[in-house]
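**Student:** Input: one structure, supplied below.
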Amino acid sequence: MERPRHQGMAKNTYMRWRLPLVCLLWEVAMIVLFGVFVRFDPEADAHWEEEKREKNLTSDIENDFYFRYPSFQDVHVMIFVGFGFLMTFLKRYGFGAVGFNFLLAAFGIQWALLMQGWFHSFKNGKILIGVENLINADFCVGSVCIAFGAILGKTSPIQLLVMTLFQVTLFAVNEYILLNLLHVKDAGGSMTIHTFGAYFGLMVTRILYRPNLEQSKDKQGSVYHSDLFAMIGTLYLWMYWPSFNSAISEHGDAQHRAAINTYCSLAACVLTTMAFSSMLQKKGKLDMVHIQNATLAGGVAVGTSAEMMLTPYGSLIVGFICGIVSTVGYVYLTPFLESRLHIQDTCGIHNLHAMPGLIGGIVGAITAAAATEDVYGKEGFIKAFDFTGTYQTRTPSVQGGFQAAGIVVSLLMALAGGALVGAILKLPVWGDAAAENCFEDDIYWEVPEDEEGDAYHMHNPDKATSP
Amino acid sequence: MERPRHQGMAKNTYMRWRLPLVCLLWEVAMIVLFGVFVRFDPEADAHWEEEKREKNLTSDIENDFYFRYPSFQDVHVMIFVGFGFLMTFLKRYGFGAVGFNFLLAAFGIQWALLMQGWFHSFKNGKILIGVENLINADFCVGSVCIAFGAILGKTSPIQLLVMTLFQVTLFAVNEYILLNLLHVKDAGGSMTIHTFGAYFGLMVTRILYRPNLEQSKDKQGSVYHSDLFAMIGTLYLWMYWPSFNSAISEHGDAQHRAAINTYCSLAACVLTTMAFSSMLQKKGKLDMVHIQNATLAGGVAVGTSAEMMLTPYGSLIVGFICGIVSTVGYVYLTPFLESRLHIQDTCGIHNLHAMPGLIGGIVGAITAAAATEDVYGKEGFIKAFDFTGTYQTRTPSVQGGFQAAGIVVSLLMALAGGALVGAILKLPVWGDAAAENCFEDDIYWEVPEDEEGDAYHMHNPDKATSP
Amino acid sequence: MERPRHQGMAKNTYMRWRLPLVCLLWEVAMIVLFGVFVRFDPEADAHWEEEKREKNLTSDIENDFYFRYPSFQDVHVMIFVGFGFLMTFLKRYGFGAVGFNFLLAAFGIQWALLMQGWFHSFKNGKILIGVENLINADFCVGSVCIAFGAILGKTSPIQLLVMTLFQVTLFAVNEYILLNLLHVKDAGGSMTIHTFGAYFGLMVTRILYRPNLEQSKDKQGSVYHSDLFAMIGTLYLWMYWPSFNSAISEHGDAQHRAAINTYCSLAACVLTTMAFSSMLQKKGKLDMVHIQNATLAGGVAVGTSAEMMLTPYGSLIVGFICGIVSTVGYVYLTPFLESRLHIQDTCGIHNLHAMPGLIGGIVGAITAAAATEDVYGKEGFIKAFDFTGTYQTRTPSVQGGFQAAGIVVSLLMALAGGALVGAILKLPVWGDAAAENCFEDDIYWEVPEDEEGDAYHMHNPDKATSP
């Protein structure tokens, strides 16, 4: 190859006018749309005193805020610190990981409030938002954070904003089909968030395939402290996942049960991840990539069923399996996907979200199909699956069938949507970096020229002068 | 310059007797005062069973603990991890940032419990404390953490303890004037916490002006990983700010609404911060200083109005504006303040707290003045502004006027108080470091002499010997 | 000494088959036992609607989930992030600190659910689990994390799993003796968690004494950034300790009071820790080891009494004393224990958990003995100490005596149990490293060969080739 070492500027990554333009334009659009459409839910509106009287509520504690706000905050941490720091494992892409995740999530939650609001909280021409909408917006953006994992280090912030716009839109449509048309249960989002988000991202990265990516191979690894930063993300995702899966379940036993099932599944998952991480490595040493990611698969895989009567041992089994599937995926599948299918999956979301998401959908379908009035109680049975109104006569096995249909729909929506958005992002106007400049913060960020920086740029001594 | 490179010891920074003396003396004073004055609030007292009967409460869940404890914990994280880590961006002042913040906050909350207690929870000669007092103490200390940001790296721990003593005192007085005498609403503290804390700190740093500070210029920057540590602080502040602004609002809709408004404002703020960070830099690259700080301005600026019917789009607009104001401040105002007004503001609190705090006060005044019974409902209107008793006849526009007066009072109290305290801290007995030793942990902390340390001290090979 | 520098492989630390075998075997055992024994508590079961009717509950908010879940999540963070990151202070053992803590805690909580379940939640042949069980399981594992602190860096992951199995078992037995047989109060676990966990760990490390440990002395220190990572652990432990001590207290005033007392104790502890850290060092500089650890002693030491009417000033006094005791311990006792008693205590758990745990037991005994109906109210008195049924006639002074007995029992159980488990762990089959390879992640983990790694391995240039 004749190319000089640092000619990344051959590609125009100059953001000065494009990024501000997109950010400001979209934020102005948000303000206008919020002005036209968004108002407070009765429980957050100053008219609440009247509402309380109408609904015969005797205490302020009956406000949904007190049922869901602690869970909301946990979910919020998962989206911004969890996903953000999980992706800081790359040695020179920590700013991009945390910073771009911050950017896309902050934009995405606004657009999600609108999209999901039109589908689910639209009354008399207004979207009425409360704490549950905030959780759902965070959930929706979670699927974008997942997709971001596949393309981490290879895209410009503008591409991420464009992707967020489209993905949130499609997410809301897919969610509407599942929850409202198919009447599927998916409180923790195995299908709507993980399956959808992961296959969407995998398709995008497939379309954006970079044949010369090995030119930045030296930057695709971690350093000692970046692996510790990533563990902050891992642990917050792991610890708060019970809140994630229970956040929008029905009040009372359903929230309680969802938290317990998730807790159990995640605990089992850690053990099998450690086991297989050691077993699949010749020297028998543990690999931080597995510990950072595969330990979380158990949370993904009970996303649909956690609020059902999965039972603690059922959860352990799911976690047991997913730790294995995910770790094996990192060792064998990721290299295969890259070399054969040209799917360059930076964070291995196929192992952490795609496969466990599918498993989660299947486990949910089975658990639903196996439900009986005996196990749930007569009232509990109706409440758990919301077999009321039009769905009064739906049987568990039919519900199982619809759950399975939900998996297929999510998968298809994700692949089609990802292909479309990938094609859009392939247009040469978005300012992504050349292959040899991928996984490098220096392209889009002011990076301090410090001692560590010196060490990093030691091959490039003319850059290492005083700041 | 003829001075030898390391002659910082010319100034006596030896803490061995002074720091312990101050710490122990003040803690003993706290114990004595707590012993004389502080008891449990009825809701935290073992007599609660009787209290419940008297108040006709049917369930333990009516205890204020369950309304506020989750928010309290979020606020607690903001004060200790949020502010602490936000200030770790300096390459060699991480111990001081986290450690001194820890010290001053731990002392400050005790003194705040007393000061605020005397003003607000004093009954029959005793201060009765419950979870709301803990939140308020954390709030009060938040204003000291803000002021600390201006003088970060330039003061001794003793100076910080002295400043905390005085600032907490003045904070409580100012808060009493605003909340009780002017009957101003300021649940998230745009005026009492941010405006007061920031201008107080700016005045202190002005008085402590160091003409030779450029001697430690090489230590005023960040390194790659210190910027990531700072992002931990940023994100926790950002994520938990909805809890901050809603923590002491009225039960029910007010807490709910405050959280939603803050969530919206912060989301918008990220977009405009990113836009202007890129736009104001010739190469169009994003600057971590802006991302770490200006993204938070939206939370500051709805501190007064978040619990009012600001509406989600109103919040977006406030966030939109503050991201811009704050980022522009970092680029143009901070250098100007330093060179022309001799205000050396280490963390740029003028941009993150002072200006957004003022904006927050103004937005609050306008929102209050614009309130109508139509928007709030008859009961909601009275509840939102506590127009009862003496204030039964106050109109929204009068309330707006008092809100505006609150801004002015906070500003004046801050400037006068800061000048006074600055003068006290200027006395040459507190053990602050010489200009060339600022921003350097080595002065007050045992610093490990490790590989990274070696790198740092490489100009100084005689220090790099074995530990 | 003639030994070559890196001959650690003389000891067989190869984990490839042993670690996976233990992990998988034990997880399978968990699944079987959960399948046989574990079901949902009525409040987490889908039959809850019927339960609600029976218990005459009018609202879902009466579900224990809403009383305890926020505290549970705080405790969860303390176990995984708190303990995990607290131990990352070692320069090259961050993966082991966070990763092995993750492994043992994830296994331990499952086994604890069973062990504690058999003792406390066993009905009709089934263990019924709800959110309180999750908290208790986390608590139990907390004692293992404490013991891990003593042997940090010197044991293989298999040893840790073996230790966890035995320690959780003994913990549950000891807890049963204290809470059920002696009817002792210990909601925050000064005795059951801290005293037991610490002396257990100290005995284990005594038995595993390594005479040549100074061979890895260069790795027993911290580096600048590892000290900052450790502060993440410290702060989360410090901030959430009020949740720890109040998590399983009675609903209402007891939870409320426990949080306030702990808040006060911890605040005082910071001041005296800083004072003595500076005072005991010739140069008067603060030592991060003290700040990271001794600041937490105040939380340990009110573990028993926080839910009692200790009063805020009583808490300040306890915190005041424990900051001193703990810091003095680090300076004088730890070296003494190592050189004279051959107790190699990596994290100094003797100072942070053992002594403060004992103090906490004593303070609890005194506080209980001093209780009067006047202070607690007639009903509050009975409720606080659960003087009902068999214990209807127990007096405060008798209760104090039983509390004191609880300390002795915990201590003896810990020492006997630690000796037994230490002996088991001494068997030469568990794959622990040689003395010169202690405190080194490289033995059990894939460690990135990066710039920083290069720096670290600079004495060993042949290892520093491309990854």
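**Student:** If B:F402 satisfies all but one of (1) more than 14 Å from chain A (Cβ to nearest Cβ); (2) modelled with pLDDT under 95, what's the number of the condition it fails?
**Tutor:** (2)
**Student:** Something else about it: From A:F83, A:F67, A:F89, grab the single residue that is more than 8 Å from chain B (Cβ to nearest Cβ) and within 17 Å of A:G252 (Cα to Cα). Give the derivation first.
**Tutor:** On the way: A:F83 fails: within 17 Å of A:G252 (Cα to Cα); A:F89 fails: within 17 Å of A:G252 (Cα to Cα).
One residue alone meets the criteria, A:F67.
**Student:** Quick one: B:L57 ticks every box in (1) more than 7 Å from every other protein chain (Cβ to nearest Cβ); (2) touching a helix residue (DSSP H, G or I) at 6+ places or on another chain (Cβ under 6 Å); (3) more than 29 Å from B:Y224 (Cβ to Cβ); (4) hydrophobic (A, V, I, L, M, F, W, C) except a single one, so which number is it?
**Tutor:** Evaluating B:L57 over (1) more than 7 Å from every other protein chain (Cβ to nearest Cβ); (2) touching a helix residue (DSSP H, G or I) at 6+ places or on another chain (Cβ under 6 Å); (3) more than 29 Å from B:Y224 (Cβ to Cβ); (4) hydrophobic (A, V, I, L, M, F, W, C) leaves (2) as the failure.
**Student:** For the structure I just gave you, tell me whether B:K217 is of a type in the set (K, R), open to solvent by 10 Å² or more (accessible area, probe 1.4 Å) and closer than 29 Å to A:F72 by Cα.
**Tutor:** On the way: of a type in the set (K, R): yes; open to solvent by 10 Å² or more (accessible area, probe 1.4 Å): yes; closer than 29 Å to A:F72 by Cα: no.
Against the criterion (of a type in the set (K, R), open to solvent by 10 Å² or more (accessible area, probe 1.4 Å) and closer than 29 Å to A:F72 by Cα), B:K217 does not qualify.
**Student:** Turning to a different aspect of this structure: Could you name every one of the helices (runs of 4 or more DSSP H) located completely within the stretch A:298-398 that has at least 3 residues being open to solvent by 10 Å² or more (accessible area, probe 1.4 Å) and over 27 Å from A:L286 (Cβ atoms)?
**Tutor:** Of the helices (runs of 4 or more DSSP H) lying wholly inside the stretch A:298-398, those with at least 3 residues that are open to solvent by 10 Å² or more (accessible area, probe 1.4 Å) and over 27 Å from A:L286 (Cβ atoms) span A:355-369, A:373-376, A:378-385.
**Student:** Taking B:F200 and the conditions (1) out of contact with any Cys (no Cβ under 8 Å at 6 or more places or on another chain); (2) surrounded by fewer than 24 Cβ atoms within 10 Å (Cβ to Cβ), which numbered condition does it fall short on, given that it satisfies the others?
**Tutor:** (2)
**Student:** Go through (1) in contact (Cβ under 8 Å) with a residue 60 or more places away in the chain; (2) open to solvent by less than 10 Å² (accessible area, probe 1.4 Å) for C:A106 and report which single condition fails.
**Tutor:** The failed condition is (1).
**Student:** Can you go through C:E43, C:E27 and tell me which one is in contact with an Asp or Glu (Cβ under 6 Å, 6 or more places away or on another chain), outside any loop (DSSP other than H, G, I, E, B) and of a type in the set (D, E)? Write out each step before concluding.
**Tutor:** Details: C:E27 fails: in contact with an Asp or Glu (Cβ under 6 Å, 6 or more places away or on another chain).
Just a single option satisfies the conditions, and that option is C:E43.
**Student:** Next question. Which one of these is modelled with pLDDT of 95 or more and of a type in the set (K, R): A:K154, A:K219? Explain how you work it out, then say what you get.
**Tutor:** On the way: A:K219 fails: modelled with pLDDT of 95 or more.
Going through A:K154, A:K219 in turn, just one is modelled with pLDDT of 95 or more and of a type in the set (K, R): A:K154.
**Student:** Report the residue count in the stretch C:46-65 for those that are buried (at least 23 other Cβ atoms within 10 Å of the Cβ) and part of a helix (DSSP H, G or I).
**Tutor:** Qualifying residue count, the stretch C:46-65: 2.
**Student:** If you scan the stretch C:27-38, which residues turn out to be at the interface with chain A (Cβ under 7 Å from one of its Cβ atoms) and open to solvent by 10 Å² or more (accessible area, probe 1.4 Å)?
**Tutor:** First pass over the stretch C:27-38, keeping only residues at the interface with chain A (Cβ under 7 Å from one of its Cβ atoms): C:27, C:30-31, C:34-35, C:38.
Correct list: C:I31, C:G35.
**Student:** Here are the criteria: (1) crowded, with 24+ Cβ neighbours inside 10 Å; (2) facing chain B (nearest Cβ under 9 Å); (3) touching a residue at least 40 places away in the same chain (Cβ under 8 Å). Tell me which single one C:H251 does not satisfy.
**Tutor:** (1)
**Student:** Let me ask you something else. Where the second residue is open to solvent by less than 10 Å² (accessible area, probe 1.4 Å) and charged (D, E, K, R) and the first is under 16 Å from C:V325 (Cβ atoms) and lies in the stretch C:270-295, which pairs have Cβ atoms under 7 Å and are six or more apart or on separate chains?
**Tutor:** C:L271/B:E27; C:T272/B:E27
**Student:** Next question. Checking A:V75 against (1) open to solvent by less than 30 Å² (accessible area, probe 1.4 Å); (2) more than 7 Å from chain B (Cβ to nearest Cβ); (3) modelled with pLDDT under 95: exactly one of these is not met. Which one?
**Tutor:** Among (1) open to solvent by less than 30 Å² (accessible area, probe 1.4 Å); (2) more than 7 Å from chain B (Cβ to nearest Cβ); (3) modelled with pLDDT under 95, the lone unmet condition for A:V75 is (3).
**Student:** Does C:R210 satisfy the condition of being open to solvent by 10 Å² or more (accessible area, probe 1.4 Å), more than 20 Å from C:C140 (Cα to Cα), in contact (Cβ under 8 Å) with a residue 24 or more places away in the chain and not in a helix (DSSP H, G or I)? I'd like the intermediate steps shown before the answer.
**Tutor:** Details: open to solvent by 10 Å² or more (accessible area, probe 1.4 Å): yes; more than 20 Å from C:C140 (Cα to Cα): yes; in contact (Cβ under 8 Å) with a residue 24 or more places away in the chain: yes; not in a helix (DSSP H, G or I): yes.
Here the answer is yes, as C:R210 does meet what is asked.
**Student:** Any chance the stretch B:86-96 includes a residue that's among the hydroxyl-bearing types (S, T, Y), open to solvent by less than 20 Å² (accessible area, probe 1.4 Å) and within 30 Å of C:H225 (Cα to Cα)?
**Tutor:** Taking the stretch B:86-96 and keeping what is among the hydroxyl-bearing types (S, T, Y), we get B:88, B:93.
When the remaining residues are screened for being open to solvent by less than 20 Å² (accessible area, probe 1.4 Å), the result is B:88, B:93.
Then drop every residue that is not within 30 Å of C:H225 (Cα to Cα), which leaves B:88, B:93.
Checked against the condition, which is being among the hydroxyl-bearing types (S, T, Y), open to solvent by less than 20 Å² (accessible area, probe 1.4 Å) and within 30 Å of C:H225 (Cα to Cα), the stretch B:86-96 yields at least one hit.
**Student:** Are any residues in the stretch A:277-297 more than 20 Å from the chain's Cα centre (by Cα), surrounded by 24 or more Cβ atoms within 10 Å (Cβ to Cβ) and more than 7 Å from chain C (Cβ to nearest Cβ), and if so, which ones?
**Tutor:** Taking the stretch A:277-297 and keeping what is more than 20 Å from the chain's Cα centre (by Cα), we get A:277-288.
After this cut, where a residue has to be surrounded by 24 or more Cβ atoms within 10 Å (Cβ to Cβ) as well, the list is A:277-278, A:286, A:288.
The answer is A:S277, and nothing else.
**Student:** For the stretch B:155-186, give me each residue that is within 20 Å of B:S246 (Cβ to Cβ), open to solvent by 10 Å² or more (accessible area, probe 1.4 Å) and aliphatic (A, V, I, L, M).
**Tutor:** Our first condition is that a residue be within 20 Å of B:S246 (Cβ to Cβ); within the stretch B:155-186, this holds for B:175, B:178-179, B:184-186.
Then keep just the ones that are open to solvent by 10 Å² or more (accessible area, probe 1.4 Å); that gives B:175, B:179, B:185-186.
Correct list: B:L179 only.
**Student:** In the stretch B:219-238, what residues are facing another protein chain (nearest Cβ under 7 Å) and of a type in the set (D, E, K, R)?
**Tutor:** B:D227
**Student:** Still on this structure: Among the residues of the stretch B:9-18, is any open to solvent by less than 30 Å² (accessible area, probe 1.4 Å) and either at pLDDT 95 or above or not in a helix (DSSP H, G or I) (or both)?
**Tutor:** First, the residues of the stretch B:9-18 that are open to solvent by less than 30 Å² (accessible area, probe 1.4 Å): B:13, B:15.
Still in the running and either at pLDDT 95 or above or not in a helix (DSSP H, G or I) (or both): B:13, B:15.
Looking for residues that are open to solvent by less than 30 Å² (accessible area, probe 1.4 Å) and either at pLDDT 95 or above or not in a helix (DSSP H, G or I) (or both), one finds at least one in the stretch B:9-18, hence yes.
**Student:** Quick check on my filter: what residues within the stretch A:144-158 are in a loop (DSSP other than H, G, I, E, B) and under 13 Å from A:G201 (Cα atoms)? Full working, then the answer.
**Tutor:** Residues of the stretch A:144-158 that are in a loop (DSSP other than H, G, I, E, B), as a first pass: A:152-156.
Of everything in the stretch A:144-158, those that are in a loop (DSSP other than H, G, I, E, B) and under 13 Å from A:G201 (Cα atoms) turn out to be A:L152, A:K154, A:T155.
**Student:** Still on this structure, I have one more. Within the set of pairs 6 or more residues apart or between chains, which connect a residue that is among the hydrophobic types (A, V, I, L, M, F, W, C) inside the stretch B:151-177 to a residue that is not in a helix (DSSP H, G or I) with Cβ atoms less than 6 Å apart?
**Tutor:** Final answer for the pair search is B:L152/B:T346; B:L152/B:C347; B:I158/B:W430; B:I158/B:G431.
The values are calculated or read from the model by the stated rules, or taken from the named source; none is laboratory data. Bear in mind the structure is a predicted one, so any value in this text is a computation, not a measurement. Cβ sites come from the backbone with ideal geometry, for glycine too, and all protein chains shown count toward neighbours. SASA here: full protein model, heavy atoms, side chains in, ligands and nucleic acids out. Shrake-Rupley method; radii C 1.70, N 1.55, O 1.52, S 1.80 Å.
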